[in-house]
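Student: Sharing a structure here in structure tokens format.
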Amino acid sequence: MKWYIMERHNPQLGVYYIVKGQMSKRLAKEAERAIYGDNYMLTFDTAEEYNTKIAELKAQGKSVQ
């Protein structure tokens, strides 16, 4: 299984990121569906890459949940 961060585009709140962790490709595809706005899954092969991206997003001042 791969590691995922969801990039959420909400028309009212803007762009923010939700840490999803390790999940199957099927569940990740389901998480991309949104009723309002858009979701994009960022995919990582290793926990190290995943954690590095989270640190980068926080360092850039992005909202990470």
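Computed from the coordinates by the stated procedures, all read-outs in this text should not be read as laboratory data. This is a predicted model, so every value here is computed, not measured. Glycine gets a Cβ as well: all are built from the backbone with ideal geometry, and neighbour counts include every protein chain shown.
Student: Between residues in segment 1-27 that are touching a residue at least 12 places away in the same chain (Cβ under 8 Å) and residues that are surrounded by fewer than 14 Cβ atoms within 10 Å (Cβ to Cβ) and of a type in the set (Val, Ile, Thr), which pairs lie under 8 Å by C-beta distance while being six or more apart or on different chains?
Tutor: Sorted first by the residue in segment 1-27, then by its partner, the pairs are Lys2/Thr43; Trp3/Thr43; Trp3/Thr46; Tyr4/Thr43; Glu7/Val15; Arg8/Val15; His9/Val15.
Student: Can you tell me which residues in segment 39-65 are β-branched (Val, Ile, Thr) and without any contact (Cβ under 8 Å) to a residue 12 or more places away in the chain?
Tutor: Thr52 - this is the single residue of segment 39-65 that is β-branched (Val, Ile, Thr) and without any contact (Cβ under 8 Å) to a residue 12 or more places away in the chain.
Student: Looking at Ala59, Ala47, Ala31, can you tell me which residue is loosely packed, with under 11 Cβ neighbours inside 10 Å, at negative phi and aliphatic (A, V, I, L, M)?
Tutor: Just a single option satisfies the conditions, and that option is Ala59.
Student: Just name the residue that is surrounded by the most Cβ atoms within 10 Å (Cβ to Cβ) out of those in segment 35-44 that are of a type in the set (Phe, Trp, Tyr) and closer than 16 Å to Val15 by Cα.
Tutor: So the residue we want is Tyr40.
Student: Output the residue which, of all residues in segment 1-27 that are within 17 Å of Gln65 (Cα to Cα) and of a type in the set (Gly, Ala, Ser), is nearest to the chain's Cα centre (by Cα).
Tutor: Gly21
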